[in-house]
Ligand SMILES: [Zn+2]
């Protein structure tokens, strides 16, 4: 009997020892697996950051586009009418579209009056938010919270700028160019648009507009760099910008 009991005790003790060993092994296995999981996760995070285009990452943490002073703008708003100022609400602005008037030597006012005349002639549907003239003057035809008929399917989410030009090449003179740079820079700050959101009519429909910037890709690249440089050079603090930029 005693012998039997002792044997029983021995068996219990032995199986306890075995169980302890098993749970210890399980613990080691868990620690090992957790270590592996952390390693794999770290590997993926590092590699995803390496392979993703930088824009995808910077988009989330991108700094707001700095604001510049509003340029001098002459408001000569069109009379509301279905052909050039339909008064459709422009709910969001995701870009700025640059155009050329395709009528050499004409002034900003001439082009503004052409848009105005459409209310009577009904010849076509056309207008733009702004026109930049040969002397660098800027005329506004359509308020910024209204759609202009200028950029086809992007009418509903962009602001349009028509530019005058002295000749058939469509190249802007220096006055027009400088005002266009300033106006575009101001709009980028106002709507927090990066340079990739500054586009040509050509980028929407493939139309040869603005002619010079379509036929001279390097001039188009330079223009966007000039806008960026203008913003860096003339940035003003946010408070000053918001008090001065409320005008349409
Ligand atoms: Zn155009």
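Only the coordinates and a few stated rules stand behind these numbers; no lab work does. Worth saying up front: this structure is predicted, and the values here are computed from it rather than measured. Every residue, glycine as well, gets a Cβ built from its backbone with ideal geometry; the counts of neighbours run over all protein chains shown.
What the table shows:
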quantity	calculated
Distance in nm between pseudo-label sites at residue 135 and residue 36 (7 Å out along the Cβ direction from Cα)	7.9 nm
Prolate/oblate/rounded label for the range 113-163 (Cα gyration tensor, a/c 1.5)	oblate
Rounded if a/c under 1.5, otherwise prolate or oblate - the range 116-248, Cα gyration tensor axes	oblate
Spin-label model distance (nm) - residue 217 vs residue 22, 7 Å beyond Cα toward Cβ	7.1 nm
Modelled FRET efficiency - R0 41 Å, residue 102 with residue 237, Cβ distances, 0.05 increments	0.55
Among 150-163, 200-213, 109-122, the order from most to least packed when residues are scored by Cβ within 10 Å on average	150-163, 200-213, 109-122
